[in-house]
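The values are calculated or read from the model by the stated rules, or taken from the named source; none is laboratory data. Treat the numbers as computed from the prediction; the structure is a model and nothing was measured. So basically every Cβ, Gly included, is an ideal-geometry build from the backbone, and we count neighbours across all protein chains shown. Please note that ligands, DNA and RNA were not included when accessible areas were found on the heavy atoms of the full protein model with its side chains. Shrake-Rupley method; radii C 1.70, N 1.55, O 1.52, S 1.80 Å.
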Amino acid sequence: MMLVGSADAQSAGASLDSGEITVTATRATTATKTDTAIVDIPQSIGVVSATQIAARGAIGLQEALRYSAGIRTEPNGNDYRFDYVTARGGFNAARFVDGMRTPDSSYLPRTEIYNLERVEVLRGPSSVLYGQGAAGGIVNSITKRPDFVSGGELGVQYGSFDRKQLQADITGALNQGGTVAGRIVALYRDAGNQVDFGKDDRITIAPSLRFRPDDRTDITLQGLYQRDHAASVNSFLPVQGTVLAPEGRRLRRSVYTGEPSHNFYKSEQYSASLFVTHRFSDALSFNSSVRYMRSNAQSDEIGPAVYSGLPNNFIDPDNRVIARYLYDLRGRARMLTADNSLRASFSTGPFSHKVLAGVDYLRSRLLTHIATTEDGVGPLDLYAPVYSAANVPVPIFDEQPHATDTQLGFYLQDQIDWQDTATLLLGVRRDRAVSKVGNDRQVDRATTFRAGLVLHRVKGLAPYVSYSESFLPTIGLDFYGKRFVPQLGQQYEAGVKWQPDANTLVAAAAFSILGTNRLETDPTNGLNQIQQGKVRSRGLEVEATRTVPRDYSITLSYTYTHARTGRSADSLGERLPISSVPTHQASVFGEKTIPLAETAALRIGAGVRYVGPSSDAAAFYDLVPEGAVERLRTPGFTLVDALVAIDWDRWTLSVNATNLFEKFYYASCSPRQACGLGYARNVTGTLSYRF
């Protein structure tokens with residue numbers, strides 16, 4: 001199912017200084033690696049523009065996707081370090097930036113959304129074009145590129161938890177001939193967060209140069225530096241003090257379970273990217289993308305021992321005090337990615353072909369040192385915490401086996417149009433992936449397929465069917481030294497897309513996914529991950545968007561998901577619900593523009609998000625008789641977001657509020673025997689000037 005909203009500046013043809021978005025997004029690149037109309041794509045594709053991100057008050061990538069059908073954001077609750085997104089039944093959504101894979105680990109911090117033109121979400125298996133793709137889909141962030149039309153924006157922001165942010169985005173031609181353009185996106189943030197002693201600080205600098213010597217060649221060189229400093233990183237609290245707490249015993253949302261003197265997550269990320277497009281003729285073109293990225297991470301954390309498997313994690317008779325452990329990490333990630341392809345267009349009788357043939361390569365290396373212990377870490381009264389540096393033992397780091405992952409893939413795709421009647425999409429890929437952890441080396445080979453058919457017999461109406469596969473090598477070892485095996489996925493999907501005009505798009509999709517070897521938290525050890533045998537997910541997604549320029553816009557979505565475990569080595573894990581996957585989700589967001597004068601307007605927006613209850617049957621394996629299963633239920637919740645903005649000439653003053661009515665909720669209660677607390681109300685005011 002697709003999320004469709006206001007078009008980004010590139011697809012709408014709007015320059016940065018216009019400040020206007022005039023049409024609904026109708027095209028995307030992630031699903032086919034070609035610029036294709038959404039109604040011609042036989043798979044669910046979602047687009048969230050920078051305009052929508054700002055209107056909805058998102059502060060990160062996962063918040064930007066809150067109104068997307070088929071997507072579960074923030075499944076672990078509030079966390080200011082990483083982006084957590086699952087799709088179509090609890091499968092992790094693989095993260096890509098400009099079509100290239102990023103490390104899926106604690107080494108890569110949250111994506112800076114101010115540097116994005118849009119976010120595209122391809123739901124379902126997608127390995128034919130991307131190789132490493134999870135069964136639930138991928139999230140592809142499209143970064144800002146230089147524009148030959150001069151323009152820019154300067155902004156200042158202040159909000160809840162003493163959030164202070166400066167941001168700038170400037171672009172334009174750099175020579176009189178108009179062949180060279182530049183852009184720089186920069187951001188500085190000094191902020192706290194909703195947990196005691198919290199931090200959410202960031203510096204981002206993203207310069208880029210674009211060279212367009214003629215109408216056939218386009219070259220962009222892009223850099224990125226990002227430094228993050230987060231604190232109060234442990235967002236999990238024991239179930240006995242949260243969802244299972246008796247009346248009057250619910251823990252505060254802001255309670256901090258660690259030690260202020262040993263509490264931070266720091267990371268530095270550097271990357272350089274080169275994008276080349278050359279059109280040999282109207283029928284043949286070449287595209288190349290290359291990126292080298294490196295990231296360093298340091299984390300010092302003391303957290304609550306909520307993984308004991310006992311009926312009660314508190315260690316005192318009054319149920320106030322909990323034991324704690326130390327977990328420190330030092331790590332480095334290095335990744336090189338490259339994707340090169342040729343595109344050819346030709347006809348064979350009544351059939352028009354758009355053929356894409358390419359090869360991509362990935363090499364990543366993870367170097368990690370970990371210190372973990374419970375010895376010398378003092379317990380804490382969660383209802384009246386007293387902190388002391390004496391509770392912090394000296395960490396002793398152990399070097400983990402170096403993990404290296406390489407993948408080489410060849411792919412071929414043909415989009416075949418039969419006059420105005422139908423579009424057939426066929427794709428095949430061959431991968432060779434090599435994973436090495438220490439001296440242990442494993443080679444995996446896979447061939448994946450994709451096929452889809454879209455009918456166009458009725459103008460504006462596009463029913464479709466599709467089949468797709470995924471192949472995701474899983475690098476690393478579990479807690480007991482057992483190697484992870486590749487995760488595989490198969491999906492059948494059928495749907496219909498209706499676009500009666502350029503401003504309206506309605507879509508519905510039904511899907512069935514079979515995934516194998518899915519990673520999840522070990523119910524008997526929260527520091528370990530295990531792989532389930534099989535997961536079956538079926539669902540229905542419906543979404544409708546209507547945008548009337550300079551008047552109003554509205555987006556509605558509904559998601560039904562039935563996800564269950566299948567055959568597994570643990571008999572208690574069969575035919576049970578997947579953790580953090582609600583059966584029902586729904587959302588609506590609308591925005592109305594009210595003219596005040598010739599150059600002034602008032603914009604009012606509001607949104608409602610509903611996430612239904614979910615359950616986890618694995619939470620109490622050790623607490624029930626053999627052959628019995630007890631389920632831990634996480635209540636559903638409804639949240640309200642709001643926007644008030646005044647646009648005057650080139651100035652905009654906006655106030656966003658998420659979780660407007662300060663709803664206290666739990667994002668999920670998991671096999672950790674702990675609950676992830678949801679986000680508190682966040683109010684942010686932004687003053688910006690466009691030029």
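Tabulated values for the structure
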{"quantity": "Helix-only CD estimate at 222 nm, as mean residue ellipticity for the chain, using -39500 (n - 2.57) per DSSP H run (n ≥ 4)", "calculated": "-500 deg cm²/dmol"}
{"quantity": "The chain - accessible surface per residue (Å², probe 1.4 Å)", "calculated": "40 Å²"}
{"quantity": "Per-pair calculated FRET efficiency, R0 = 35 Å: SER261 and ASP440 via Cβ, rounded to 0.05", "calculated": "0.40"}
{"quantity": "Rel. contact order, % - alpha carbon contacts under 8 angstrom, at least six apart, the stretch 313-408", "calculated": "34 percent"}
{"quantity": "Partners for LYS497 among lysines (Cα-Cα distance below 19 Å; same-chain residues under 8 apart left out)", "calculated": "LYS459"}
{"quantity": "Chain lengthening between ALA357 and GLU374 when straightened (0.36 nm per residue, less Cα-Cα)", "calculated": "0.8 nm"}
{"quantity": "Protection proxy ranking of 505-516, 260-271 - average other beta-carbon atoms within 10 Å, highest first", "calculated": "505-516, 260-271"}
{"quantity": "Sequence-distant lysines (8 or more away, or on other chains) whose Cα lies within less than 25 Å of LYS199", "calculated": "LYS164, LYS266, LYS663"}
{"quantity": "√(5λ) per eigenvalue of the Cα gyration tensor, the chain, largest first, Å", "calculated": "39, 30, 26"}
{"quantity": "Compactness index (Cα Rg / 2.2 N^0.38 Å), the stretch 338-450", "calculated": "1.99"}
{"quantity": "Relative contact order of the chain, defined on C-alpha pairs under 8 angstrom at six or more residues apart (%)", "calculated": "13 percent"}
{"quantity": "Accessible carbon and sulfur surface of the chain relative to its total accessible area, %, 1.4 Å", "calculated": "57 percent"}
{"quantity": "Environment charge at PHE280 (Cβ cut-off 13 Å; Lys +1, Arg +1, Asp -1, Glu -1)", "calculated": "0"}
{"quantity": "Label-point separation, ARG430 to VAL149 (7 Å along Cα→Cβ), nm", "calculated": "4.6 nm"}
{"quantity": "Stretchable slack from ARG332 to ARG483, in nm (0.36 nm times residue separation minus alpha-carbon distance)", "calculated": "52.3 nm"}
{"quantity": "Inter-part distance where the stretch 442-463 and the stretch 338-401 are each reduced to a Cα centre, Å", "calculated": "29 Å"}
{"quantity": "Cβ-based net charge around GLY427, under 9 Å, with every Lys or Arg adding one and every Asp or Glu removing one", "calculated": "+1"}
{"quantity": "For TYR188, solvent-accessible area (1.4 Å; no DNA, RNA or ligand), Å²", "calculated": "110 Å²"}
{"quantity": "C-alpha center-to-center spacing [the stretch 63-126, the stretch 169-227] in angstrom", "calculated": "21 Å"}
{"quantity": "For the stretch 185-313, diffusion coefficient by Stokes-Einstein and Kirkwood Rh (Cα), 4 °C, 1.567 mPa s, µm²/s", "calculated": "69 µm²/s"}
{"quantity": "Modelled FRET efficiency - R0 22 Å, ALA384 with LEU244, Cβ distances, 0.05 increments", "calculated": "0.60"}
{"quantity": "Rounded FRET efficiency, nearest 0.05, which uses the C-beta distance separating HIS584 from THR504 and R0 of 25 Å", "calculated": "0.50"}
{"quantity": "Linear extension gain, GLN419 paired with PHE449, 0.36 nm per residue minus alpha-carbon span", "calculated": "8.3 nm"}
{"quantity": "Distance between modelled label sites at ALA597 and VAL548, nm, 7 Å Cα→Cβ extension", "calculated": "2.6 nm"}
